[in-house]
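A short worksheet on the structure shown next.
The values are calculated or read from the model by the stated rules, or taken from the named source; none is laboratory data. Since the structure is predicted, the reported quantities are computational estimates derived from the model, not experimental observations. Using ideal geometry, Cβ is built from the backbone for each residue, glycine included, and neighbour counts are taken over all protein chains shown.
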Amino acid sequence: MVFWLILAAVIFIIAASGIKIIRPFEKGLVERLGKYRRDAEPGLQFIIPFIERMVKVDLRETVIDVPPQEVITKDNVVVTVDAIIYFQITDAFRVVYNVANFEIAAIKLAQTNLRNVIGEMELDQTLTSRERINVTLREVLDEATDKWGVKVTRVEIKKIDPPQDIMDAMSKQMKAERTKRAVILEAEGYKQSEITKAEGDKMSAILQAEGQSESIKRVAEANKFKLIAEAEGQANAIVNVFKAIHEGDPTKDVIAIRYLEALKQIADGKANKVFLPYESSAMLSSIGAMAEIFREGKDSSDGNEKVSKK
């Protein structure tokens, strides 16, 4: 009875060893007596114990960290480069039977191609052209690993470290460049400020000139209306005087007297010289004639008085 129990347990263990479970992201390769037999899909699979063997291959995208290494650039600067590789197995058969250890092979291949790619570039290019390095390295690795049934999806440069003295020089250069840009920006700001101030002064002067022009124009208009009003008033006064004179029908004696009064007012000025109109000479001769008539009349009256007394 014990023998049969032991035999059943051994048979169960052997049968259980032939049961394999493949997960959805895996693929199995079944070998029979050391020879590839078939592929095993995800799910429950059975193999013949001691005769068949199953190798499981992970088909998910995987990351390989490439160890840092020193690389010499085109301008003879030693830099330390660290990279990572993203890959995905597309053919389980080839990745198992075409390469002994894919990860080690991929790391060595990446290191070699990093030396080739960065060795053709100068230091400044390596620091500013990471995307170019990534693309070039991915294309090279993808082409080389295609026969292994692997697809290199991405290659990323984690860091590129120049020597310390180069980093110090770059830091000084960057500081000088930032100082230069700060000075330029300050000068541009001052220039813009002065331009804005000059434009403001210009607009102020223009507005002030326009205001003065408008003021002068309005003063001139006011003076014009004032002169027009005064001229109209004087014209109306002359017309009224002329009308009154003609309606009053003055004699020549009255006119002569008024004329003398006007000349008296003219002579009352402070000027040393008095200019009389030309027609005043005729008026003065008339007045002289009138004076002679009055004088003759007076002399004749005085003679008659003397005769009567005698």
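Details
- Meets criteria (more than 13 Å from residue 150 (Cβ to Cβ) and in contact with a helix residue (DSSP H, G or I) (Cβ under 7 Å, 6 or more places away or on another chain)) for residue 117: yes
- Put simply, of 208, 173 the only residue that is farther than 30 Å from residue 99 by Cβ and at pLDDT below 85 is 173.
- Count - residues of segment 124-167 that are touching a residue at least 60 places away in the same chain (Cβ under 8 Å) and within 29 Å of residue 100 (Cβ to Cβ): 10
For (1) exposed (fewer than 10 other Cβ atoms within 10 Å of the Cβ); (2) on the phi > 0 side of the Ramachandran plot; (3) under 29 Å from the mean Cα position of the chain (by Cα); (4) in a helix (DSSP H, G or I), each residue gets a yes or a no:
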position	(1), (2), (3), (4)
165	yes, no, no, yes
176	no, no, yes, yes
183	no, no, yes, yes
190	no, no, yes, yes
199	no, no, yes, yes
202	no, no, yes, yes
211	no, no, no, yes
214	no, no, no, yes
217	no, no, no, yes
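- Residue in segment 89-109 that is more than 30 Å from residue 163 (Cβ to Cβ), of a type outside the set (Gly, Ala, Ser), in a strand (DSSP E or B) and in contact with a Ser or Thr (Cβ under 9 Å, 6 or more places away or on another chain) present: yes
- Any hit, segment 56-66, residues being in a loop (DSSP other than H, G, I, E, B) and of a type in the set (Val, Ile, Thr): no
- Pairs with Cβ under 7 Å, 6+ apart, first in segment 95-113 and in the same structural domain as residue 134 (by TED's automatic domain parsing) and closer than 14 Å to residue 146 by Cα, second in a helix (DSSP H, G or I) and hydroxyl-bearing (Ser, Thr, Tyr): 106/145
- Flag for residue 128 being in the same structural domain as residue 73 (by TED's automatic domain parsing), among the hydroxyl-bearing types (Ser, Thr, Tyr) and over 39 Å from the mean Cα position of the chain (by Cα): no
- Qualifying residues in segment 27-76 (those that are within 60 Å of the chain's Cα centre (by Cα) and acidic (Asp, Glu)) - the one farthest from residue 113 (Cα to Cα): 58
- Considering 46, 3, 50, 102, the condition of being modelled with pLDDT under 90, aromatic (Phe, Trp, Tyr) and surrounded by 14 or more Cβ atoms within 10 Å (Cβ to Cβ) is satisfied by 102 alone.
- Output for segment 147-179, where each listed residue is under 24 Å from residue 70 (Cα atoms) and of a type in the set (A, V, I, L, M, F, W, C): 152, 155, 157, 160, 166, 167, 169, 170
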